[in-house]
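What follows is one structure encoded as structure tokens, with my remarks underneath.
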Amino acid sequence: MASEESAFKSLPKGDTLESLRSPEVPDFASKGPERESVVTDSDFNDIALDDEAVFSPVSLTRGPSPDAATPSEVETPDTARPPNVSSPQSAIFNPTKLGHKKTASTTTIRSANNLPFIVARLGIQDEERTSHRGSVDGQQKLQEEFARLHKEEEKEPKENGASGMIDWDFWGAVISDYQGFASERPEELATAIARGIPDTLRGMMWQHMAASKDLELEDTYLKLLRETSPHEKAITRDLGRTFPHHDFFNDGQGIGQENLFNVLKAYSLYDPQVGYCQGLPFVVAILLLNMPDEEAFSLLVRLMYVYDLRGHFLPEMPKLQLRLFQFDRLIEELLPVLHVHFLRQGIKSSMFCSQWFLTMFSYRFPLPVVFRIYDNCLASGIEAIFGFSIMLLKKNEEELLALKFDEILSFLNTRLFDKYKMKSDDENDENVTYNVDEFVQDAIALHITPFMLDSYRHEYEDQLRETNKHATEMDELRTTNRNLSAQVKKLENSLAQLNAEHVDLLNELVKSRLRNEEMEEELVRYKLLYAEAMHENEDAQSSHRISIAQMLKLKRGSNSSTS
């Protein structure tokens with residue numbers, strides 16, 4: 001990505017700044033043919049679900065693309081699953097009591113540019129589907145649930161106005177064979193999803209689009225609930241912060257918080273590498289508002305492993321960093337003036353967008369908006385979040401350009417949806433409603449192609465390789481430095497030892513010299529004693545000779561007198 005300095009240098013002066021206004025149809029979209037995003041190899045490909053092989057790309061566009069990539073096979077190791085056990089929560093779950101009803105769609109959304117990514121990863125062949133009984137049985141359960149809801153609506157159609165607006169024939173055809181419908185009538189399905197899935201059917205459709213209904217996985221969930229997680233304390237601490245004003249999570253029975261705790265606890269045991277991370281409760285809460293807890297757990301596993309949401313919560317958050325980089329590049333490409341303004345004000349996407357991506361927009365966004373975002377993400381892939389994110393900035397570009405650092409952050413947290421507020425005829429009505437259809441239509445109309453995201457991913461990987469290369473060089477230098485430091489320390493120790501030995505030798509030398517001096521003194525003394533002894537010996541000999549001479553003389557004298 002261009003640096004701040006180069007961005008300022010390339011900025012025209014004066015009124016020519018207006019020439020950088022966000023183009024309605026970016027030129028970048030036409031620079032190359034559309035192609036599906038290349039999914040990078042993950043370090044966690046060895047973890048697979050039993051029914052992962054039934055997923056293949058089915059694009060919701062006007063007919064099949066001639067250069068569409070052939071879906072790669074996914075390895076699915078056979079893992080032992082416990083026998084199916086139905087969940088007691090299924091009987092008490094009632095999606096019509098959640099109180100989140102959408103108004104009917106007022107805008108027909110054309111699907112020429114609708115959902116340009118992957119709708120869902122479904123089975124390529126029917127025989128592959130039959131090899132995964134858990135998933136097949138789960139799909140059958142969803143169809144039975146749909147039939148039950150349809151019969152209830154036919155018996156009492158007037159009790160629920162929203163149900164009367166549902167096209168049961170259309171959605172029945174979708175649920176009965178989602179893969180076939182998506183392949184044969186992609187434009188019609190894309191338009192229906194863009195308009196909004198009916199509240200009553202949303203939970204079932206999400207599970208169909210993600211192929212997450214798996215009775216064996218639900219049974220695994222029930223078994224995990226009987227175990228103890230090391231993250232229970234952290235999960236309990238965050239429960240009160242998740243939709244504290246929503247009736248489902250703060251009612252007297254506490255069923256919402258209990259289910260939220262159970263799903264988070266079970267997933268922390270199911271995926272120890274992720275464990276528990278802040279942001280997950282908001283993702284799970286949205287699922288629980290549309291389905292029972294065991295189904296929410298299965299869909300969460302699907303979102304994490306198949307939709308690649310897991311990379312947001314792993315240590316170092318690798319996929320979150322990648323998507324923030326892609327988001328920055330999209331701002332630079334589609335909103336160049338706002339990009340420069342953010343650079344000048346020191347605004348980084350991580351200051352506001354990381355929260356959007358971690359919670360899938362569910363932290364501060366209105367729930368009707370969040371549900372529609374989930375509709376498109378589950379149908380199109382997680383990349384759909386870019387369209388909604390960029391559109392929010394584009395819609396508020398004029399206001400953001402007039403604000404400073406603190407004001408921008410405050411605006412992004414509190415006033416981002418003011419553009420989509422709908423005026424109420426009743427001035428005393430405190431309930432705020434939003435034109436969700438317009439927001440979804442605007443987001444889908446953006447030309448964010450897989451080719452763009454793929455090119456940004458390559459940029460990020462190149463940048464990451466350079467960073468890692470530099471980090472590797474630094475590590476090598478640090479290792480060399482540590483080795484040299486160890487050698488220096490070793491030499492210093494050797495020098496200190498040699499110095500100590502040198503001192504010892506000097507001490508011994510001094511002592512030897514002292515001993516030599518003492519011995520020399522002794523030698524001199526002995527020499528003197530010897531000289532004295534020799535002198536005394538000579539005196540004694542002289543005396544002896546004199547005595548002998550005298551005796552001889554006396555003897556001669558006596559002899560001569562005798563004669």
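Residues of the range 209-229 being β-branched (Val, Ile, Thr) and either at pLDDT below 90 or open to solvent by 30 Å² or more (accessible area, probe 1.4 Å) (or both), which ones?
Thr228
If a residue has to be open to solvent by less than 10 Å² (accessible area, probe 1.4 Å) and part of a helix (DSSP H, G or I) to count, how many in the range 279-309 make the cut?
Total satisfying the criteria: 19.
Kindly establish whether Leu491 is open to solvent by less than 90 Å² (accessible area, probe 1.4 Å), free of Cβ contacts under 8 Å to residues at least 60 places away in the same chain and not acidic (Asp, Glu).
Answer is no for this residue.
In the set Lys348, Lys423, which member is open to solvent by 60 Å² or more (accessible area, probe 1.4 Å) and more than 21 Å from Phe313 (Cα to Cα)?
Lys423
Regarding the range 470-481, can at least one residue be identified that is in a helix (DSSP H, G or I), at pLDDT 90 or above and surrounded by 10 or more Cβ atoms within 10 Å (Cβ to Cβ)?
Yes - at least one qualifying residue is present in the range 470-481.
Scan Phe313, Phe325, Phe282 and give me the residue that is farther than 27 Å from His231 by Cα, at pLDDT 90 or above and among the aromatic types (Phe, Trp, Tyr).
Phe325
For the range 238-246, indicate whether the set of residues that are crowded, with 22+ Cβ neighbours inside 10 Å, under 23 Å from the mean Cα position of the chain (by Cα) and not in a loop (DSSP other than H, G, I, E, B) is non-empty.
No, that holds for no residue.
Could you check how many residues of the range 184-206 are of a type in the set (Ser, Thr, Tyr) and closer than 13 Å to Ala379 by Cα?
Counting residues in the range 184-206 that are of a type in the set (Ser, Thr, Tyr) and closer than 13 Å to Ala379 by Cα gives 1.
Out of the residues in the range 320-341 that are open to solvent by less than 30 Å² (accessible area, probe 1.4 Å) and within 16 Å of the chain's Cα centre (by Cα), which is nearest to Leu358 (Cα to Cα)?
Result: Leu320.
Which numbered condition trips up Leu269, out of (1) modelled with pLDDT of 90 or more; (2) open to solvent by 20 Å² or more (accessible area, probe 1.4 Å); (3) in contact with a helix residue (DSSP H, G or I) (Cβ under 6 Å, 6 or more places away or on another chain); (4) assigned to a loop (DSSP other than H, G, I, E, B)?
Just one mismatch for Leu269, condition (4).
Can you find even one residue in the range 250-257 that is at positive phi and either surrounded by fewer than 22 Cβ atoms within 10 Å (Cβ to Cβ) or touching a residue at least 60 places away in the same chain (Cβ under 8 Å) (or both)?
Within the range 250-257, one or more residues are at positive phi and either surrounded by fewer than 22 Cβ atoms within 10 Å (Cβ to Cβ) or touching a residue at least 60 places away in the same chain (Cβ under 8 Å) (or both).
The values are calculated or read from the model by the stated rules, or taken from the named source; none is laboratory data. These numbers come from a predicted model, not from an experiment. Ideal geometry is used to build each Cβ from the backbone, glycine not excepted, and the neighbour counts take in all protein chains shown. What goes into the accessible areas is simple: the full protein's heavy atoms, side chains included, and nothing from ligands, DNA or RNA. Shrake-Rupley method; radii C 1.70, N 1.55, O 1.52, S 1.80 Å.
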